[in-house]
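Q: Below is the structure I would like to discuss, written out as structure tokens.
The values are calculated or read from the model by the stated rules, or taken from the named source; none is laboratory data. None of the values given here were measured: they were computed from a predicted structure. Cβ atoms come from the backbone with ideal geometry, glycine included; neighbour counts cover every protein chain shown. The accessibility values were calculated without ligands, DNA or RNA, using every heavy atom of the protein model including side chains. Shrake-Rupley method; radii C 1.70, N 1.55, O 1.52, S 1.80 Å.
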Amino acid sequence: MATLLHLDSSPMGAASVSRHLSETFAQSWKKAHPDGVVRTRDLTASGLVSITAEWVAASYTPADARTAEQRAVLAKSEELLEELEAAEELVVGVAMHNFHTPSVLKLWIDQVVRVERAFALVDGVPKGLLTGKKATFLVATGGTYGPGTAAEPLNFIEPYLKTLFGFLGFERVVFYTAGGASALNFGANREEFLRPHDQAVAALAASEGQ
Ligand SMILES: Cc1cc2nc3c(=O)[nH]c(=O)nc-3n(C[C@H](O)[C@H](O)[C@H](O)COP(=O)(O)O)c2cc1C
């Protein structure tokens, strides 16, 4: 059964553009995959914490040699990894914060990128273990960072996530960006702003069913 893991990282609740777009994607994906399952996780409400020295030591200890304490230290990571492994597709609503992702998304990444689970070292060379999957990142930015613009190199979200998910073995990594969202703080009409993005994102999700 097809499974979509839907993550959100914006703290802005109902006012968030990226959350709106990821919800549009999930609804359109569900229509295209009537038997599919959508699992939703709000990273701002998932109690994510920074990894620690104990976490790193536990992650490098072979699974069958871990102590009960080490298993407890990795429990959240295990839960998040199993959720990701079970999904063929991932959609993530990403708010641009300081030219990068919100910190909760980085906390999630640090919890799931584990040796022997997300990647392995084969003869010293890293090999992604999360193969055959597709990720779609729906990004909202206050400014615009389109191809060829002077601001393009300031968008660290896309090169970072493209590199990371490629490293992990993902087959396809897709980006859609709703730029210029700061206009909403200066009187732009929200519905009018969202309409073309909704249409593009719905089409993106629906096309996956074919
Ligand atoms: C803490 C913070 C940092 C931001 N940093 C940037 C930035 O570096 N570049 C930018 O274009 N917009 C920036 N913005 C604007 C957001 O990217 C914009 O509001 C976008 O809609 C956020 O996504 P969301 O609506 O899903 O929360 C920032 C907003 C906040 C709250």
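Q: Taking the conditions exactly as written (of a type in the set (Gly, Ala, Ser), within 17 Å of the chain's Cα centre (by Cα), surrounded by 15 or more Cβ atoms within 10 Å (Cβ to Cβ) and not in a strand (DSSP E or B)), does residue 135 satisfy them or not?
A: Working: of a type in the set (Gly, Ala, Ser): yes; within 17 Å of the chain's Cα centre (by Cα): yes; surrounded by 15 or more Cβ atoms within 10 Å (Cβ to Cβ): yes; not in a strand (DSSP E or B): no.
In short, no.
Q: Ok, one more. With the checklist (1) touching a residue at least 24 places away in the same chain (Cβ under 8 Å); (2) near the ligand (Cβ under 10 Å from one of its atoms); (3) over 19 Å from residue 47 (Cα atoms) in hand, flag the one item residue 93 doesn't pass.
A: (3)
Q: Going residue by residue through the range 188-197, is there one that turns out to be of a type outside the set (S, T, N, Q), open to solvent by 40 Å² or more (accessible area, probe 1.4 Å), within 11 Å of the ligand (Cβ to nearest atom) and within 30 Å of residue 37 (Cα to Cα)?
A: Within the range 188-197, one or more residues are of a type outside the set (S, T, N, Q), open to solvent by 40 Å² or more (accessible area, probe 1.4 Å), within 11 Å of the ligand (Cβ to nearest atom) and within 30 Å of residue 37 (Cα to Cα).
Q: Could I ask something else about it? Yes or no: the range 166-178 includes at least one residue that is closer than 23 Å to residue 25 by Cα, over 14 Å from the mean Cα position of the chain (by Cα) and assigned to a helix (DSSP H, G or I).
A: Looking through the range 166-178, none of the residues is closer than 23 Å to residue 25 by Cα, over 14 Å from the mean Cα position of the chain (by Cα) and assigned to a helix (DSSP H, G or I).
Q: Mind telling me which of the residues 178, 151, 205 ends up being among the small types (Gly, Ala, Ser) and more than 10 Å from the ligand (Cβ to nearest atom)?
A: Details: 178 fails: more than 10 Å from the ligand (Cβ to nearest atom); 151 fails: more than 10 Å from the ligand (Cβ to nearest atom).
The match here is 205.
Q: Being in contact (Cβ under 8 Å) with a residue 40 or more places away in the chain, part of a loop (DSSP other than H, G, I, E, B) and more than 16 Å from the ligand (Cβ to nearest atom): is that true of residue 130 here? Full working, then the answer.
A: Working: in contact (Cβ under 8 Å) with a residue 40 or more places away in the chain: yes; part of a loop (DSSP other than H, G, I, E, B): yes; more than 16 Å from the ligand (Cβ to nearest atom): yes.
Answer is yes for this residue.
Q: If you scan the range 105-121, which residues turn out to be open to solvent by 50 Å² or more (accessible area, probe 1.4 Å) and away from the ligand (no atom under 16 Å from the Cβ)?
A: Those that are open to solvent by 50 Å² or more (accessible area, probe 1.4 Å) and away from the ligand (no atom under 16 Å from the Cβ): 116, 117, 121.
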